[in-house]
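Before any comments, here is the structure.
The values are calculated or read from the model by the stated rules, or taken from the named source; none is laboratory data. Nothing here was measured: the structure is a model prediction, and the numbers come from that model. Note: ideal-geometry Cβ built from the backbone for every residue, glycine included; neighbour counts use all protein chains shown. The area values use the complete protein model at the heavy-atom level, side chains included, leaving out ligands, DNA and RNA. Shrake-Rupley method; radii C 1.70, N 1.55, O 1.52, S 1.80 Å.
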Amino acid sequence: MRLPYAVDRALVYAVALLLAAWVLVPLYFIGLAAFSTPDAAYSYPKALLPVAPSAETMRFFLDSRGVVSSIVNSFAVALLTIVIALLLGAPAGYALARFAFRGRDAFAVLVLTTKMFPIAILSIPLAVTFLQLGLYDSIVGVALVHSAMALPFVILVTSGVFVAVSHELEEAAQTLGCSRWTAFLRVALPLALPGLAAAAIFTFVISWNEAFASTILTLRSRTLPALVLTALDQSPITFKFAGGFVMAAPAIAFIFLMRRYLLNLWGGR
Amino acid sequence: MRGVSRSFGRTPALRTVDLDVHDGEFMVLLGPSGCGKTTLLRTIAGLERPDAGAIAIGGRDVTSLAPRDRNIAMVFQSYAVFPHMTVRANIGFGLRMRRTPKAEQARRVADAAALLGLEALLERFPGQLSGGQRQRVAVARAIVMDADVMLMDEPLSNLDALLRLQARADLKRLHGEVKRTTIYVTHDQVEAMSMGDRIAVMGDGVIVQCDLPMAVYDHPATQFVGGFIGSPPMNFVRGAMSDSAFVAEGVRLRLERPPRAGGEIVMGVRAEHLRIGAEGLPADVLVVEPLGSHALVTVRVGGVPVKIEAPVDIGLRPDERIHVAVDQARIRWMDAATGTAIR
């Protein structure tokens with residue numbers, strides 16, 4: 001039996017609101033505490049509105065030992081991850097989009113199966129290997145692991161991006177004096193750029209928020225999530241709120257900036 | 001083209017195709033979808049490599065050359081106009097890639113834009129243009145290249161009917177002005193008839209007939225060609241000769257000049273070469289379709305439905321019994337087994 005339209009809509013919106021609240025309410029309280037006085041963070045019951053706005057909590061967090069250098073590390077790792085993941089992933093995505101080669105579908109599935117290995121299981125052998133290779137406790141090492149985590153995503157998204165750029169455009173460029181390579185550079189790449197940018201930013205967020213592998217694989221050159229995670233037991237609640245906010249903010253900004261692209265990429269294929 | 005073959009997996013798309021296109025000629029490749037005409041065009045462009053055979057342009061063997069070294073220009077079915085460039089940048093793209101001097105680029109882009117009436121649109125982006133305008137940009141972008149051969153892949157198929165009529169006339173005028181050797185792919189036989197200096201009719205990966213449009217129309221080489229060219233297609237009646245009469249299911253037609261053929265044959269006759277009148281073969285009217293300038297009457301002669309072009313005021317009704325006279329000089333005969341014309 002079909003529900004009346006109004007009831008149907010009401011149910012859909014109720015579930016949507018519930019899901020949104022599930023995500024947004026904690027975020028709101030984290031942000032609120034991060035920008036309130038330390039007293040407000042400790043007080044109970046919590047104020048629902050910003051009654052005691054202050055930069056003191058954030059300043060305390062940023063002044064804590066290792067925080068600024070870990071933010072720098074996080075940026076360095078994330079940028080390196082973007083470079084590695086796109087350099088490896090975009091050509092693979094292009095191949096998936098353009099060429100009908102033997103094992104093409106199998107490859108696409110294989111890319112996804114790499115997601116089946118939990119990083120928790122891989123970290124210890126990785127740490128051992130990195131120690132042997134001299135990559136342990138280095139930004140490059142963490143970036144390599146993050147690249148491996150981001151690659152399946154980058155490959156599938158870029159292939160979606162290149163599928164959307166008509167192959168005839170590149171062929172037209174070839175008849176107009178381009179080689180295969182210059183046709184790609186002059187036509188396909190500029191048209192794919194917004195989609196590639198979306199993939200790059202998402203890669204950034206994956207790396208920025210990754211805590212587990214970074215914790216296992218570093219000692220002194222901690223990334224921000226690794227630092228916050230290891231300091232969790234000994235740190236005051238204000239530190240946690242401020243840290244949580246700094247870690248969540250880029251992801252939220254990303255969602256707002258890239259919403260349209262993501263919907264296109266995942267809904268439009 | 002000499003013996004050009006191409007297969008995709010196990011499916012042959014081109015089967016030993018031979019074709020000569022003369023300098024300055026407008027050659028139309030005509031055929032139903034999947035007949036290999038687009039593959040042939042792409043092979044000439046260098047976007048497909050032939051499995052066997054050779055292609056030469058102006059005496060120069062280009063078989064193994066990349067598209068950009070063949071001195072060809074191509075108009076794609078989707079137009080393939082670059083969406084991230086203005087109309088001016090689109091038209092000038094090929095010249096930029098060839099590193100033509102700036103001043104000459106500007107002059108040639110302006111000339112091509114004028115030729116296609118795009119002067120006012122040069123600073124626009126393709127997204128701001130209509131389909132017809134985009135099509136003209138694609139043509140301008142190809143024409144500006146001064147290529148040896150102009151290749152066109154169904155350039156009018158994405159336009160609406162009225163615009164297509166206009167664009168057809170424009171392209172024909174353009175060819176008259178620039179006299180560029182052109183190979184034009186279409187599945188629309190009216191386009192082929194109206195534009196082509198010659199038509200190469202393709203079916204199943206081979207060129208079935210290559211001749212002047214009226215020759216293809218009047219003397220189809222096979223039943224397939226007769227059925228593909230002309231609207232409505234040629235009428236076919238299958239039967240056999242008996243004495244000097246053609247005998248089919250419920251039909252007996254005495255012939256003035258019987259064909260020299262035994263066994264099963266097919267009579268082909270066009271709708272405009274049949275006349276409804278007082279004498280001839282008895283027939284029953286099935287449908288009358290008034291088309292403005294004339295009426296298309298479908299009748300049943302013996303067991304076979306046949307289409308006849310009649311005056312629009314013929315005033316017939318379904319189930320009426322009539323007689324159909326055949327213009328015997330216009331009958332074409334084909335072998336029933338192979339479909340090839342008997343001359």
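Before moving on, here are some points about what is shown:
- Test: residue in the range A:5-19 that is surrounded by fewer than 13 Cβ atoms within 10 Å (Cβ to Cβ), at negative phi, of a type outside the set (Asp, Glu) and outside any helix (DSSP H, G or I): no
- When residue B:265 is tested against (1) assigned to a loop (DSSP other than H, G, I, E, B); (2) closer than 19 Å to residue B:302 by Cβ, exactly one condition is not met: (1).
- Checking each residue in the range B:189-205 for being open to solvent by 30 Å² or more (accessible area, probe 1.4 Å) and of a type outside the set (Gly, Ala, Ser) picks out B:190, B:193, B:197, B:198, B:204.
- Residue B:114 being modelled with pLDDT of 95 or more, out of contact with any helix residue (DSSP H, G or I) (no Cβ under 6 Å at 6 or more places or on another chain) and either away from every other protein chain (no Cβ under 14 Å) or under 17 Å from residue B:145 (Cα atoms) (or both): no
- The range A:8-43: number of residues that are β-branched (Val, Ile, Thr) and without any contact (Cβ under 8 Å) to a residue 12 or more places away in the chain: 4
- Some residue of the range B:90-101 being within 26 Å of residue B:157 (Cα to Cα), loosely packed, with under 14 Cβ neighbours inside 10 Å and within 14 Å of chain A (Cβ to nearest Cβ): no
- Picking from residues in the range A:89-127 that are in contact (Cβ under 8 Å) with a residue 24 or more places away in the chain and open to solvent by 80 Å² or more (accessible area, probe 1.4 Å), the one that is nearest to the chain's Cα centre (by Cα) is A:115.
- Residue that is nearest to the chain's Cα centre (by Cα) [pool: residues in the range B:287-299 that are surrounded by 15 or more Cβ atoms within 10 Å (Cβ to Cβ) and in a strand (DSSP E or B)]: B:296
- Residue match in the range B:129-137 (condition: surrounded by 15 or more Cβ atoms within 10 Å (Cβ to Cβ), within 14 Å of chain A (Cβ to nearest Cβ) and within 21 Å of the chain's Cα centre (by Cα)): yes
- Flag for residue A:75 being assigned by TED's automatic domain parsing to the domain that holds residue A:144, closer than 20 Å to residue A:209 by Cβ, among the aromatic types (Phe, Trp, Tyr) and part of a helix (DSSP H, G or I): yes
- Residue list for the range B:226-243, filter: touching a Gly at 6+ places or on another chain (Cβ under 6 Å), surrounded by fewer than 20 Cβ atoms within 10 Å (Cβ to Cβ) and among the hydrophobic types (A, V, I, L, M, F, W, C): B:236
- Every test in (1) touching a Leu at 6+ places or on another chain (Cβ under 7 Å); (2) away from chain A (no Cβ under 12 Å); (3) in contact (Cβ under 8 Å) with a residue 24 or more places away in the chain; (4) not small (Gly, Ala, Ser) is passed by residue B:148 save one, and that test is (1).
- Yes/no for residue B:38 being of a type in the set (S, T, N, Q), under 18 Å from the mean Cα position of the chain (by Cα) and open to solvent by 10 Å² or more (accessible area, probe 1.4 Å): yes
- Those residues of the range A:174-191 which are of a type outside the set (Ser, Thr, Tyr) and more than 7 Å from chain B (Cβ to nearest Cβ), in sequence order: A:180, A:181, A:183, A:184, A:185, A:186, A:188, A:189
- In the set A:249, A:192, A:172, A:213, only one residue is over 30 Å from residue B:146 (Cβ atoms), modelled with pLDDT of 90 or more and not aromatic (Phe, Trp, Tyr); that residue is A:192.
- Pairs where the first residue, in the range B:101-115, is more than 14 Å from residue B:87 (Cβ to Cβ) and the second is modelled with pLDDT of 95 or more and of a type in the set (S, T, N, Q), C-beta under 7 Å, 6+ apart: none
- Out of B:45, B:13, sole residue that is within 20 Å of residue B:74 (Cα to Cα) and more than 13 Å from the chain's Cα centre (by Cα): B:45
- Matching helices (runs of 4 or more DSSP H) fully within the range A:154-269 where at least 2 residues are open to solvent by less than 40 Å² (accessible area, probe 1.4 Å) and aromatic (Phe, Trp, Tyr): A:189-209, A:237-267
- Residue tally, condition free of Cβ contacts under 8 Å to residues at least 40 places away in the same chain and outside any loop (DSSP other than H, G, I, E, B), over the range A:44-61: 3
- Restricting attention to the range B:60-88, the residues that are part of a helix (DSSP H, G or I), more than 8 Å from chain A (Cβ to nearest Cβ) and buried (at least 16 other Cβ atoms within 10 Å of the Cβ) add up to 2.
- Elements of type strands (runs of 3 or more DSSP E) in the range B:138-245, at least 2 residues being modelled with pLDDT of 95 or more and within 30 Å of residue B:106 (Cα to Cα): B:149-153, B:181-186
- Filter pass, residue B:304 being modelled with pLDDT of 90 or more and under 28 Å from the mean Cα position of the chain (by Cα): no
- Which listed residue, of A:101, A:107, A:117, A:61, is within 24 Å of residue A:32 (Cβ to Cβ) and at pLDDT below 90: A:61
- Residue match in the range A:192-214 (condition: within 14 Å of chain B (Cβ to nearest Cβ), among the hydrophobic types (A, V, I, L, M, F, W, C) and more than 17 Å from the chain's Cα centre (by Cα)): yes
- Among the residues making up the range A:178-213, a single one is touching a Lys or Arg at 6+ places or on another chain (Cβ under 7 Å) and either hydroxyl-bearing (Ser, Thr, Tyr) or not assigned by TED's automatic domain parsing to the domain that holds residue A:153 (or both): A:179.
- Residue in the range B:19-35 that is within 14 Å of chain A (Cβ to nearest Cβ) and on the phi > 0 side of the Ramachandran plot present: no
- Those residues of the range B:41-56 which are within 14 Å of another protein chain (Cβ to nearest Cβ), open to solvent by 20 Å² or more (accessible area, probe 1.4 Å) and outside any loop (DSSP other than H, G, I, E, B), in sequence order: B:42
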